[in-house]
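Since the structure comes first, as structure tokens, the remarks are kept for the end.
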């Protein structure tokens, strides 16, 4: 797993509003540590408890949660974590679980920023993930953000060669009160 901050995240983070950051599916916390170093309080969430050990640090609260579960515990965790309007910034990389998207986008503050980057259709040519359930369709991420009332600052649907070949969609979008 790479500990290098995504260039997409690094590009937009300096413009992020002050306030609480959600790093969803944070893994070992490369982006949680980056935002904490910028002075943001961070909630780093992942289902891999062993990865969260690395994500912990000053200014970072870690939470072990399986938000893809369909039981009452997962539903309760989801409601608590993704309460409406509570995050100034939401950062997600290399993760997609479509059923979470409405609650995730609703948890962004009206003046908040979404920084999202994950795999897109076409990635199957490069390896995993190759399951369509984990690959965005053309323009899908942009449509989700706009459907939630966010203003898109930048969107890319691209193929990259580094750090490894991949098909990606990237978006930076902001809430209606962002200035």
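The values are calculated or read from the model by the stated rules, or taken from the named source; none is laboratory data. Small disclaimer: the values here were computed from a predicted structure and weren't measured. All Cβ positions, even for glycine, are placed from backbone atoms using ideal geometry, and neighbour counts span all protein chains on display.
What to note about this one:
- Residue check for residue 110: over 17 Å from residue 41 (Cα atoms) and in a helix (DSSP H, G or I): no
- Test result for residue 171, under 19 Å from residue 10 (Cα atoms), touching a strand residue (DSSP E or B) at 6+ places or on another chain (Cβ under 8 Å) and loosely packed, with under 14 Cβ neighbours inside 10 Å: no
- Verdict on residue 145 being under 17 Å from the mean Cα position of the chain (by Cα) and farther than 23 Å from residue 3 by Cα: yes
- Any hit, the stretch 113-124, residues being part of a loop (DSSP other than H, G, I, E, B) and at pLDDT below 95: yes
- Of the helices (runs of 4 or more DSSP H) lying entirely inside the stretch 1-107, those carrying at least 2 residues that are surrounded by 20 or more Cβ atoms within 10 Å (Cβ to Cβ) and at pLDDT 90 or above are 7-12, 30-37, 49-55, 101-106.
- All positions within the stretch 125-166 that are outside any strand (DSSP E or B), surrounded by 16 or more Cβ atoms within 10 Å (Cβ to Cβ), free of Cβ contacts under 8 Å to residues at least 40 places away in the same chain and touching a helix residue (DSSP H, G or I) at 6+ places or on another chain (Cβ under 8 Å): 129, 135
- Test: residue in the stretch 59-78 that is more than 16 Å from the chain's Cα centre (by Cα) and under 23 Å from residue 171 (Cβ atoms): no
- The requirement of being touching a strand residue (DSSP E or B) at 6+ places or on another chain (Cβ under 7 Å), in contact (Cβ under 8 Å) with a residue 12 or more places away in the chain, over 19 Å from residue 67 (Cα atoms) and assigned to a loop (DSSP other than H, G, I, E, B) is satisfied by residue 178.
- Candidate set from the stretch 1-56 (those that are touching a strand residue (DSSP E or B) at 6+ places or on another chain (Cβ under 6 Å) and free of Cβ contacts under 8 Å to residues at least 24 places away in the same chain); member that is nearest to residue 87 (Cα to Cα): 42
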